[in-house]
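The values are calculated or read from the model by the stated rules, or taken from the named source; none is laboratory data. Keep in mind that this is a model prediction, so the values were computed, not measured. Note: ideal-geometry Cβ built from the backbone for every residue, glycine included; neighbour counts use all protein chains shown.
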Amino acid sequence: MADPRGFLKAGREVAERRPVEERVHDWNEVYPGGIGRALLPIITTQAGRCMDCGIPFCHQGCPLGNIIPEWNDLVWRDDWEGAIERLHATNNFPEFTGRLCPAPCETACVLGINQDPVTIKNVEVAIIDKAWESGFVRPQPPEWLSGRTVAVVGSGPAGLAAAQQLTRAGHTVAVYERADRIGGLLRYGIPEFKMEKKHLDRRLDQMRREGTVFRAGVDVGQDDLTADRLRERYDAVVLAMGATEARELPIPGRELGGLHQAMDFLPQANRTSLGEEVADQVTATGKHVVIIGGGDTGADCLGTSTRQGAASITQLEIMPEPPESRPAGQPWPTYPMTFRVSSAHEEAGDRVYSVSTKEFLGDEDGNVRALRLVDVVFENGRFEEVEGSEREIPAELVLFAMGFVGPEKAGLVEQLGVDLDERGNVARGKDYQTSVPGVFVAGDAGRGQSLIVWAIAEGRAAASAVDEFLTGSTTLPYPIAPTERPLVV
């Protein structure tokens, strides 16, 4: 293990973010020099807090099954190359999860029973950033080619993980993306201040050097590449196009101008933050902004609106405000619903809980001017309005960040004729195969809206199933079956 008394000698420390008054005027990551570099002065001590438990529940907490105590020990011993080898054994893209994952492993940490848990997520991102700087991350092209071809539809974390695994197994893999650049929501859904796109670009360069082919600007199921043509051209297909049908709010006034889905607003902001020009861009500049939805996407809209110079920002959540500490009904090692403060929440905006939007109110030009709200309480399995609590708040831009209800059905999904489950996701068996032989599904398209760490885990697992389908056996790791659930759901 690392330092046997480390957890007794040192408390939990995390990287300090740049001052709010500095970072809200740019789009760079909120940590000075990047989070990995910001962590280096403290990370060895933090890795030494790991107790190397007899039963490391952090393994159960992580859908990828990251071997956390081992790379903590290697970091503490200053063996950074060994650490990245252990980390890459279970996670293709720790630079993504280390920045974007909510760290369910930490809430399952045994030390967290009666102390602050180990800073697992911070150690993870420090390892990969150090590895890139030190030249430890290298292309791993296959030693031989199988002669089999695979199409991966979607270039988010699930698609990229499946593609990298299958390419390394010797298959010829092409990744299709309908956007003009590869990366899916990693590219255009995640703001630059949370993850600078250089981290994505250098990983894509590694994958190209390994042999993965990327085809951006191709909407599979439309134009010339229909489902039939796709299946004729490739021996197997992996559907990894995510859950992109946004949840709607069909209340009076929905037809007014100034109401937009978060995933219409955020990609435009991401493009302009990188110097691109966007015609008719929706911006928050000088406007009273209301964000409906209290999750991570809502926080991304908040941080983006702050940097665009909104006059005011209010984030609404229908659920009650979570407690500061772990609720009694969510004991260790489950993932608790507690009050969390993201970097965006530190910067600006008001959060309002236990409210429901009843109506959008418009001005004489047909644009939104206000929201009519009502307080709610959750009783008898439903939300009940609080009598006499109705009120209006100003709103010139409303952003819907209420999540997604499944993959888009028109086009490829309908053409393939795959079965859907009761929630409208693409149904699959234990081997990630759909009802159509040779067609597999991984990530949000099959499990519904979920975490990036789940997407990577499913991409890796689906790759194993595809490899076995094509060759009769596989040596690729199979981290988790679609029906399995960790302790942190």
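Taking the stated definitions as given, is Gly448 touching a strand residue (DSSP E or B) at 6+ places or on another chain (Cβ under 9 Å) and either surrounded by fewer than 20 Cβ atoms within 10 Å (Cβ to Cβ) or at positive phi (or both)?
Values: touching a strand residue (DSSP E or B) at 6+ places or on another chain (Cβ under 9 Å): yes; either surrounded by fewer than 20 Cβ atoms within 10 Å (Cβ to Cβ) or at positive phi (or both): yes.
Considered against the rule, which asks whether it is touching a strand residue (DSSP E or B) at 6+ places or on another chain (Cβ under 9 Å) and either surrounded by fewer than 20 Cβ atoms within 10 Å (Cβ to Cβ) or at positive phi (or both), Gly448 comes out as yes.
Looking at region 342-355, can you tell me whether even one residue there is part of a strand (DSSP E or B), of a type in the set (Ser, Thr, Tyr) and surrounded by 13 or more Cβ atoms within 10 Å (Cβ to Cβ)? Show your work before the answer.
Keep residues of region 342-355 that are part of a strand (DSSP E or B), which gives 350-353, 355.
Still in the running and of a type in the set (Ser, Thr, Tyr): 353.
Going one step further and asking which of them are surrounded by 13 or more Cβ atoms within 10 Å (Cβ to Cβ), we end up with 353.
Yes, the conditions are met somewhere in region 342-355.
Filter region 273-300 down to residues that are modelled with pLDDT of 95 or more and under 15 Å from Asp26 (Cα atoms) and give me whichever is surrounded by the most Cβ atoms within 10 Å (Cβ to Cβ).
Across region 273-300, the extreme among qualifying residues is Asp300.
For the condition surrounded by fewer than 23 Cβ atoms within 10 Å (Cβ to Cβ) and part of a helix (DSSP H, G or I), what is the one hit in Arg181, Arg99, Arg209?
Arg209
Mind telling me which of the residues Gly82, Gly112, Gly135 ends up being without any contact (Cβ under 8 Å) to a residue 12 or more places away in the chain, surrounded by fewer than 24 Cβ atoms within 10 Å (Cβ to Cβ) and at negative phi?
Going through Gly82, Gly112, Gly135 in turn, the sole match is Gly82.
Do any residues in region 243-254 that are part of a loop (DSSP other than H, G, I, E, B) have Cβ atoms under 7 Å from those of residues that are modelled with pLDDT under 95 and β-branched (Val, Ile, Thr), where the two are at least six apart or on different chains, and which pairs are they?
Cβ pairs passing all conditions: Glu245/Val405; Arg247/Val405.
In region 378-489, which strands (runs of 3 or more DSSP E) lie fully inside it and hold 3 or more residues that are within 20 Å of the chain's Cα centre (by Cα) and within 17 Å of Val150 (Cα to Cα)?
Working: elements: 382-385, 391-394, 397-400, 439-441.
The strands (runs of 3 or more DSSP E) meeting that bar number zero.
Answer with yes or no whether Asn91 is out of contact with any Gly (no Cβ under 8 Å at 6 or more places or on another chain) and under 22 Å from Leu186 (Cα atoms).
Values: out of contact with any Gly (no Cβ under 8 Å at 6 or more places or on another chain): yes; under 22 Å from Leu186 (Cα atoms): yes.
So Asn91 passes the test.
Name every residue in region 1-23 that is within 27 Å of Ala310 (Cβ to Cβ) and surrounded by fewer than 19 Cβ atoms within 10 Å (Cβ to Cβ), in order of residue number.
Glu16, Arg17, Arg18, Pro19, Val20, Glu21, Glu22
Looking at Thr338, is it farther than 30 Å from Ala463 by Cα, part of a loop (DSSP other than H, G, I, E, B) and among the hydroxyl-bearing types (Ser, Thr, Tyr)?
Criteria met by Thr338.
Give me a count of the residues in region 7-52 that are in contact with a Ser or Thr (Cβ under 7 Å, 6 or more places away or on another chain) and in a helix (DSSP H, G or I).
Residues that pass the stated criteria total 1.
List pairs: first residue in region 425-440 and farther than 19 Å from Gly154 by Cβ, second residue polar (S, T, N, Q) anywhere in the structure, Cβ distance under 7 angstrom, at least six positions apart or on different chains.
Here the result reads Lys430/Thr483, each pair linking region 425-440 to a residue that is polar (S, T, N, Q).
Is it the case that some residue within region 224-238 is out of contact with any strand residue (DSSP E or B) (no Cβ under 8 Å at 6 or more places or on another chain), part of a helix (DSSP H, G or I) and either free of Cβ contacts under 8 Å to residues at least 24 places away in the same chain or among the hydroxyl-bearing types (Ser, Thr, Tyr) (or both)?
Checked against the condition, which is being out of contact with any strand residue (DSSP E or B) (no Cβ under 8 Å at 6 or more places or on another chain), part of a helix (DSSP H, G or I) and either free of Cβ contacts under 8 Å to residues at least 24 places away in the same chain or among the hydroxyl-bearing types (Ser, Thr, Tyr) (or both), region 224-238 yields at least one hit.
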